[in-house]
Each structure stands twice: as C-alpha cells, then as structure tokens.
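Data first, discussion second: the structure below is written as structure tokens.
The values are calculated or read from the model by the stated rules, or taken from the named source; none is laboratory data. Computed from a predicted structure; not experimentally measured. Neighbour counts run over all protein chains shown; Cβ positions are idealised from the backbone, glycine included. Ligands, DNA and RNA are stripped out before the accessible areas are found, and what is left, the full protein with its side chains, is counted by its heavy atoms. Shrake-Rupley method; radii C 1.70, N 1.55, O 1.52, S 1.80 Å.
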Amino acid sequence: MPALSIVKAANAAFCPSYLPVAIFVGGTSGIGQAMAEAFARYTKGNAHIILCGRNREAAERIIATFPKPSTSQPEARHEFVACDAMLMRNVHTTTSSLLDRLPKVNFLVLSPGFFNFRGRDESSEGIDRRLGLHYYARWKFTYDLLPLLKGAKDAGEDAKMLTILGAGAGGKIDLNDLGLKKRYNVASAGLSGPTYNDLMIESFAEKEPNISFIHAGPGAVRTSILTSNNHVLRPIVGGLMLLMYPFTTSAEDCGEYMLWALLNSGPGAQRRDSKGDDIGKKRYYGSEEARSRLWEHTFAEMERVIGEDA
C-alpha cells in the first residue's frame, strides 16, 4: 500500500507524449469530481476533459477551477456533456454524440452513484434505478465507447476504463434473476452491483485484452451519496459520519488513489482496493457461467430498451 505522498508524486509525474482525452461519468461530484480535478491539475489543463452528468451548474463551477491549457495545445479543452445516466436511452444518445465527434478516448472513468432505502425503484425503462447507474449504464458507456478506446490503443496511447463501485464488496448472484425483478432488497442490490462490475470488466477484457479494464472499491469515502436523495437522512448520516471520520477518506485523497490505480494499471481486467492495490480474486464471486449469462442478459436488456441500435 503506497503512502499518499508517493501516490501524489507518481500522479504528478504523469506526462504523456500525446494530448489525452478523458471522460468522467459522474464527474460533477464526489470521487469523480476529485479525480477530474486531479487529472486537470497534473496535466496542467493540457487535455480534453469531459465531465458527464446531470448538473451543468456544478460542472461549470468545477471546470472554472481547472488550469487553462497552454496556447501550444489548441485541441485541449474542458467541457460538460449532459446525461441522466439512469435512462439507457440517454446514455445511448450521449455515446452516439461522442462517437460522432471524438477520434479516441484514453481514459473512461465511471463513478455515478445512487442510493436509497426503498425497495425496487424502476425507471420508465423497467430497470431498477440503483442497478441502472451502478451497472447497466456503466456497461453501456463502455460497450459503446469501446471503438474510441481501441483507437487510442491502436495509436500507441493509453486506453483504460475504470469503474468505481465495490471491488471486493460483492456477493453471490442469482443467475435466474439478474435484473433483480423477483427478489429485490437493499442488500441484494448492494451485493449484486459489485459482482456484476467484476464480471463486466472480465468480459470486456476477453474481447479487448490490450485495453485496461479496472474495477475499484473506494472504501468509506466522505461524499453526499447517502443523503443526496433523502433529506430525512441528512442529520442521521451527518452524525454517523462525524463519529466515523477517523475511519473514512476524503474524496480528494480517494481521487488520488483512484487516479494512481488508473494510471498504473496494465492491460486486462484488474480489481483494485481503496488504496489502488491489486486485490486479484479476493472476495470474488464470479464464474465463467455467470460472466456469460450476465453478458447475454445485459445485451438483451439493451435491445429491449433501445432496440436493434443498442
């Protein structure tokens, strides 16, 4: 486990010979925001950085803090792309637009979060909102933007995808209820999402072994995810977070560790812990059958929602 000072020094040493293109889905708050800010700082603004999310005001405020690109880098720019990723049709529209105008993507970071204490909460597409953000949208972004990651790799550049959810914090899954439509509860949703992400990165790595696909578990981080959708919980969670403060990590420090994991991961599927260390198959609940069944299920869900263009 590297010390935070070592991690920061390693991140600061990132100096690519190319102008990187980085997309941060969920980059307008929490860990995604912290990663985007660190990435902008270490590249001195000389990158094409895209914050993708729902909050334009927050995105513009964050982008205003980024270092301005040098005049010698006319292709460097920082922008916001609006997308409510709870709906797969929105993700499809967003990725179609990105495919039309981007020649490549070097770094795809996926960290959108959602939490509630209700039971199954379906979107208009018939997908549970929590599972939609934590798995289906991440699969869809990766699947659709894979040609741009391949474009970067074919050019001899970095090509890496990082999903931040809960590597090592998953559980057994029901292969006959992958959409969690029969037996849904907060626990099953919480345990299934991380395992689905493990299986997802493995499936993509099988198809594109030269690209990095990383699933990281950030641990206990001080963000607003538990209270952003529930005003009643704010004072309760606020008190708990105060008590747990010594055992939690700031979003800024977590962002440094996650960026380090992203920049220092090699090709293939990798699982990383809250400090960016490779955890291999520790607390892994997947299998070859589960991987195949989940891929088929996900593809069928995308076709059901979006149609043949999925």
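What does the charge dipole of the range 106-213 about its Cα centre add up to, to the nearest 20 debye, if the Cβ of each Lys and Arg holds +1 and the Cβ of each Asp and Glu holds -1? Don't jump to the answer; show the numbers that get you there.
Numbers: 14 positive and 14 negative charges, 82 e Å.
I would put it at about 400 debye.
Based on the Cβ-Cβ distance of ASP100 and ARG41, what FRET efficiency does E = 1/(1 + (r/R0)^6) give at R0 = 25 Å, to the nearest 0.05? Write down the numbers at each step before the final one.
Numbers: r = 30 Å, r/R0 = 1.19.
About 0.25, to the nearest 0.05.
If I stretch the segment between LEU175 and ARG304 completely, what's the gain in nm (0.36 nm per residue apart, minus their alpha carbon distance), one decimal? All intermediate terms of the calculation are to be shown ahead of the outcome.
Numbers: separation 129, 0.36 × 129 = 46.44 nm, distance 1.89 nm.
Extra length from LEU175 to ARG304 when fully extended: 44.6 nm.
Cα to Cα, under 17 Å, and not fewer than 8 places away if on the same chain: which aspartates and glutamates meet these conditions relative to LYS181?
Hits, sequence-local ones excluded: ASP121, GLU122, GLU125, ASP128, GLU296, GLU301.
Are there trypsin sites (Lys or Arg not before Pro) in the range 132-209 that DSSP marks as loop and that have at most 16 other Cβ atoms within 10 Å, and which are they?
Values: sites: ARG138, LYS140, LYS150, LYS153, LYS160, LYS172, LYS181, LYS182, ARG183, LYS207; in loops: LYS172, LYS181, LYS182, ARG183.
Within the range 132-209, the qualifying trypsin sites (Lys or Arg not before Pro) (loop, at most 16 other Cβ atoms within 10 Å) are LYS172, LYS181, LYS182, ARG183.
Any idea what the relative contact order of the chain is, in percent, if you count C-alpha pairs under 8 Å spaced at least 6 apart?
Working: 582 pairs, mean separation 60.8, N = 310.
Computed value for the chain: 20 percent relative contact order.
State the extension gain, in nm to one decimal, for the chain segment bounded by SER124 and GLU79, taking 0.36 nm per residue of separation less the distance between their alpha-carbons. The partial results should precede the final answer.
On the way: separation 45, 0.36 × 45 = 16.20 nm, distance 2.86 nm.
Result: 13.3 nm gained on full extension.
Carbon and sulfur: what percent of the chain's accessible surface (1.4 Å probe)? All intermediate terms of the calculation are to be shown ahead of the outcome.
Working: 7150 of 13650 Å².
That fraction is 52 percent.
Relative contact order of the range 60-210, please, whole-number percent, based on alpha carbon pairs below 8 angstrom and at least 6 residues apart. Kindly include the intermediate steps, with their values, before the conclusion.
On the way: 168 pairs, mean separation 36.0, N = 151.
Answer for the range 60-210 is 24 percent.
Just from its helices, what would the mean residue ellipticity at 222 nm be for the chain, if runs of 4 or more DSSP H residues each count -39500 (n - 2.57) and the sum is divided by every residue, rounded to the nearest 500 deg cm²/dmol? Could you put the intermediate results ahead of the total?
Details: 9 runs with 127 residues, N = 310.
Mean residue ellipticity at 222 nm (helix-derived): -13000 deg cm²/dmol.
With unit charges on the beta carbon (Lys/Arg positive, Asp/Glu negative), name the residue among SER250, TYR196, ASN264 whose Cα is farthest towards the positive pole of the charge dipole of the chain.
SER250
Which net charge results for the neighbourhood of SER96, defined as the other residues with beta-carbon distances under 9 angstrom from its beta-carbon, given Lys and Arg at +1 and Asp and Glu at -1? Working shown, then result.
On the way: positive: none; negative: ASP100, ASP144, ASP309.
Result for the local shell: -3.
Under a Cβ-only charge scheme (Lys and Arg +1, Asp and Glu -1), can you give me the dipole magnitude of the range 1-110 about the Cα centre, in debye to the nearest 20? Present the calculation step by step, with values, prior to reporting the outcome.
On the way: 11 positive and 7 negative charges, 28 e Å.
That gives a dipole near 140 debye.
Do the alpha carbons of any pairs in LYS8/LYS44; LYS8/LYS160; LYS44/LYS153; LYS140/LYS172; LYS172/LYS282; LYS153/LYS207 sit beyond 25 Å of each other, and which pairs?
Over 25 Å Cα-Cα: none of the listed pairs.
For the range 1-121, just say rounded, prolate or oblate: build the C-alpha gyration tensor, square-root its eigenvalues into a ≥ b ≥ c, call rounded for a/c under 1.5, and beyond that prolate if a/b exceeds b/c, oblate if not. Could the numbers behind the result be given before it?
Values: a/c = 2.00, a/b = 1.32, b/c = 1.52.
Verdict is oblate for the range 1-121.
If you put +1 on each Lys and Arg Cβ and -1 on each Asp and Glu Cβ, how big is the dipole of the chain around its Cα centre, in Debye rounded to 20?
On the way: 36 positive and 34 negative charges, 140 e Å.
Dipole of the chain, to the nearest 20 debye: 680 debye.
Relative to the present Cα-Cα distance, how much length would full extension add between GLU252 and ALA9 at 0.36 nm per residue of separation? Could the numbers behind the result be given before it?
Working: separation 243, 0.36 × 243 = 87.48 nm, distance 1.47 nm.
Full extension of this stretch gives 86.0 nm more.
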